[in-house]
Each structure stands twice: as C-alpha cells, then as structure tokens.
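Working notes, structure below.
The values are calculated or read from the model by the stated rules, or taken from the named source; none is laboratory data. Nothing here was measured: the structure is a model prediction, and the numbers come from that model. Glycine also receives a Cβ, built like all others from the backbone with ideal geometry; neighbour counts cover every protein chain displayed.
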Amino acid sequence: MAKIRPREVLAVNRRTALISDTLRRLARRGARSRIANVLGKTRPEDVADVLSTLTPAHQTAIFEILSSDFPDGAGEVLVEVEPAMRLSLLDALEPAQIAEILARQAVDDRVAVIESLTEDRREEVLELVNLTARAEVQTHLLYGDDTAGRIMDTQFYALEEEKTIREAIEALQESRDLENIFYLYVVDAEGHLRGVTSLRQLLLTRPDLPLSEVMTASVIKVHVETDQEEVADLATRYNLLAVPVVDDDNRLVGIVTVDDIIDVVQDEATEDFFKMVGTTEDELVYQDRSFKVAGIRLPWLLVNLVGLVAAGWLLSGFAASLGKGVYVTLYAFVPAIMGMGGNIGSQTSTIAVRGLATGRVSLARGQTRKFLWQQFKVGVILGLSCAAIVGSVALIWKTSPFHGVVVGVSMCIAILLASLTGALIPIVFERLGIDPAVAAGPLVTTSNDITGILIYFGLARLLMRFLT
C-alpha cells in the first residue's frame with residue numbers, strides 16, 4: 001500500500017476547502033446548474049467531507065441536487081457522512097427519492113440508510129422499494145446490532161464444488177452485477193460452504209480440474225450473530241479482503257467486505273476512544289441537545305466526584321494534624337476542584353479532536369462558534385449540577401454557608417472554563433497546523449489545573465473574613 005505523505009494530505013485538505021467555498025458561494029446565489037456541475041466532478045467521499053463544513057441549510061440544498069442528478073453518488077455520500085447528518089439529509093427528501101437511492105445501493109448500505117430513519121418513515125420508504133430489496137433489508141434488520149449479519153453483503157460469488165476451473169472462469173467473466181469479487185467460494189448443492197479459492201489460483205491451475213481439488217477446505221468464517229468486532233479482528237489477523245458469513249446450518253448467506261471491516265475498526269476504535277474519558281460518540285449525534293449531552297457525561301463525572309471528595313477527606317485528615325483552622329476545609333476540596341476541571345477538559349477536548357478528524361467540527365467561523373456555544377451550554381449544566389452536590393457536601397462538612405458558596409461557585413466556574421478551553425485549544429492547534437491530538441491533551445490538563453486552583457483560592461481569599 002502506498003504511504004500517504006503529509007504534503008498529499010495537505011493538498012487533499014486544500015482541495016476540500018476550495019470545493020467547500022465554491023459550493024457555499026454557488027448555494028448563496030442559487031446557481032443550481034453550476035452546483036450540479038461541481039458535484040458531477042467530485043468524488044462522493046469528498047462531497048461527504050465538504051458537506052460537513054457547510055451550514056445545515058446549504059447541506060440540504062446541495063444534497064437535494066445531488067440526489068436528483070446523481071442518485072448513485074447520493075447513496076455513497078449517505079454511507080460516508082456521520083449519522084446525525086445522514087438523518088438531517090434524509091429528512092429533507094421525499095420517500096420516493098429515498099427509495100430511488102436505496103434501489104441503487106448494496107443491501108448493507110441500504111440497511112445503514114434505513115436505520116437512520118424514524119419508524120414511521122422507514123415503513124413508508126420500504127413500501128416504495130421493490131419486494132426483493134424490501135425482503136433483503138427486513139432480513140438484515142432481524143439480526144442483532146453490531147453483528148456480522150447486520151453488516152454483511154448478500155451479493156457474493158459462489159459455485160458448486162464439481163464445477164471445473166474453466167467453467168468457474170467463464171462464469172466470472174459473464175458476471176456483471178458483482179463489484180467485490182475477492183474470492184471464489186465453493187459450496188455443495190445445498191449451499192453449504194465447503195471451501196474457498198483465490199482468483200490467482202484459478203488462473204494458475206489446469207482448467208479441467210474441479211474446484212474441489214484446488215479449494216482450501218479450511219475456511220475462516222463467522223456466524224451471522226458473530227460480533228462485528230470479532231469479524232474485524234479475524235480479517236486483520238489473517239489479512240482477508242472478505243470474510244464469509246454462514247447460518248446455523250453452515251450455509252453461505254453473505255460476506256463482510258474490506259470496506260465494512262475498515263468501518264468497523266474505526267467505529268470500535270472511536271467507541272473505545274470516547275469510553276476512555278467517560279463519554280460516547282452520541283455527543284456528536286446530539287450536538288444541538290445540551291441536556292442530552294450533559295446526561296451522557298454526568299454519571300461518569302459523579303462517580304469521579306465521589307472519589308475526589310473521598311480523597312479530599314483523607315487530605316483534610318493529614319492537614320488537621322499539621323494545623324487547624326479554615327485551611328483544613330479548604331484543602332479538602334482541592335482534589336475535587338482540580339480533578340473535575342481535568343475530567344471535563346479531557347472529555348471536551350476528546351470530542352473536539354474527534355470532531356475535527358471526522359469533519360463534524362469545522363474550522364469555518366459559523367461552525368466553530370456553534371460548537372463553542374454548545375460546549376458552553378453543556379459546561380453550565382454540568383457546572384451547576386456538580387456545584388450543587390459538592391457545595392452541599394461543603395456546607396454539611398462546615399456549617400458556615402460561605403464554605404459551600406466558595407466550593408460550589410469555584411467548582412462551577414472551573415468546570416465552565418475547562419469546557420471552553422477543552423473545546424478551544426484543539427481548534428486553535430488545528431488552525432496553526434499542529435496536530436491537536438498530540439498537543440491538546442497535556443495543555444488542556446495543565447491549564448485546567450492552574451485555573452482551578454487560582455479560582456478556588458482566589459475566591460476563598462476574597463471571602464476569607466466570612467470563612468473564619
């Protein structure tokens with residue numbers, strides 16, 4: 001595989017930015033024919049990247065032109081974009097338009113599109129597609145989420161084991177509707193998987209031999225209910241371009257191809273990436289719902305808050321042996337103030353870095369402002385929630401209400417600033433051409449520790465006469 005050099009990546013990014021600016025200007029002028037001309041010359045993968053940099057109104061307008069003039073390309077774009085954008089793009093289309101796009105897609109891509117629709121709209125669209133396509137989609141939806149059956153492609157190539165090499169090659173040459181012929185699977189008369197052979201092996205073997213003599217009988221395969229992560233692990237371990245999928249009776253029912261395997265690897269890595277900081281990728285889906293995002297983060301933060309308060313209690317015990325007075329109580333909440341600021345900053349910076357990598361967070365001025373405003377609102381919600389809890393603990397710990405005020409207000413401000421710096425620092429680094437994934441983490445953590453301490457003890461100093 002050719003290695004992509006940084007200069008080539010920079011050229012792709014510049015090209016994407018140029019196409020984005022062009023489409024944005026044309027959309028403002030309503031130049032439909034010129035937009036269609038640009039879309040016709042742009043690869044679907046690049047169109048998906050470009051759409052992520054535009055406003056929702058421009059996304060909808062441009063995708064309607066794409067679906068009308070280039071339905072094949074529209075189907076590929078829907079598979080490439082993030083789930084939240086896919087849903088908004090589909091909402092702008094009529095059911096008949098969606099059905100036309102589905103008719104041109106592979107069954108696994110159809111399932112991905114159908115899953116993005118609401119239940120009522122899903123049924124409305126399925127009524128408009130042909131019976132075969134409807135049956136295929138409904139069969140896939142019966143399999144569990146994140147299983148091989150849900151992501152498999154039912155268009156595969158298989159021949160019976162008594163066929164000769166010559167007959168197999170002739171059959172392959174006559175095939176017109178299969179794009180991903182990586183391997184030739186060998187089955188018996190009932191469709192049970194018996195073996196596999198490569199196209200290279202077919203070309204290098206005597207044409208009169210039957211497939212049963214050249215096939216590899218030991219086939220790496222998965223069941224329809226096998227978890228997709230296990231499928232990706234097998235493909236990675238054995239360098240496979242496709243993995244056959246069988247049912248309970250070992251009948252070959254589909255294959256998971258390399259493009260889906262790559263998607264699974266990326267999805268699983270992203271899931272683990274977010275879990276490390278106590279959040280999920282749903283944050284990128286619910287960007288416009290601040291309370292939903294706060295609800296995703298809050299449980300993990302509360303667990304950490306309990307641990308930090310316990311650490312503060314231990315710290316106060318040591319402080320009491322060294323000296324008495326108001327400082328003992330103040331020191332007890334230092335871990336909570338610093339720790340919660342660091343946690344919030346790590347969560348927000350993770351969302352920002354991942355959003356920049358996937359295109360969900362754009363450097364366009366309007367998109368950046370929208371993302372920062374969203375993180376500000378989430379920070380306010382989380383800050384008030386955590387401040388109420390830790391302020392109450394401080395009030396119980398020390399009967400003076402001013403202790404609760406100092407701790408609670410400091411916690412709220414520290415979380416709010418951590419949310420903003422966690423969002424802003426990766427964006428600034430991206431603008432400067434510095435990899436935000438490498439540089440943002442240490443800087444976010446350090447800055448939040450410093451600001452948390454300054455806010456806490458600065459406020460305590462201002463109110464010292466009320467604390468003593």
**OP:** Inspect all residues belonging to the range 127-137 and state whether any of them is of a type outside the set (Ser, Thr, Tyr), touching a residue at least 24 places away in the same chain (Cβ under 8 Å) and within 28 Å of Thr368 (Cβ to Cβ).
**Re:** no
**OP:** Answer yes or no: is there a residue in the range 92-100 that is without any contact (Cβ under 8 Å) to a residue 40 or more places away in the chain, among the aliphatic types (A, V, I, L, M) and closer than 24 Å to Ala148 by Cβ.
**Re:** no
**OP:** Output the number of residues of the range 253-262 satisfying the condition of being in a helix (DSSP H, G or I) and surrounded by 22 or more Cβ atoms within 10 Å (Cβ to Cβ).
**Re:** 2
Subject >> Elements of type helices (runs of 4 or more DSSP H) contained in the range 17-121, each with 3 or more residues being of a type in the set (A, V, I, L, M, F, W, C), assigned by TED's automatic domain parsing to the domain that holds Ala135 and under 25 Å from the mean Cα position of the chain (by Cα) >> reply: 44-51, 56-69, 71-80, 83-91, 95-103, 107-115
**OP:** Answer yes or no: is there a residue in the range 159-173 that is surrounded by 14 or more Cβ atoms within 10 Å (Cβ to Cβ) and of a type in the set (Ser, Thr, Tyr).
**Re:** yes
**OP:** Report, by residue number, each residue of the range 437-459 that is at pLDDT 70 or above and either in a loop (DSSP other than H, G, I, E, B) or in contact with a Ser or Thr (Cβ under 8 Å, 6 or more places away or on another chain) (or both).
**Re:** Val444, Thr445, Ser447, Asn448, Thr451, Gly452, Ile455, Tyr456, Leu459
**OP:** Look at Arg134 and say whether it is basic (Lys, Arg) and not assigned by TED's automatic domain parsing to the domain that holds Thr226.
**Re:** yes
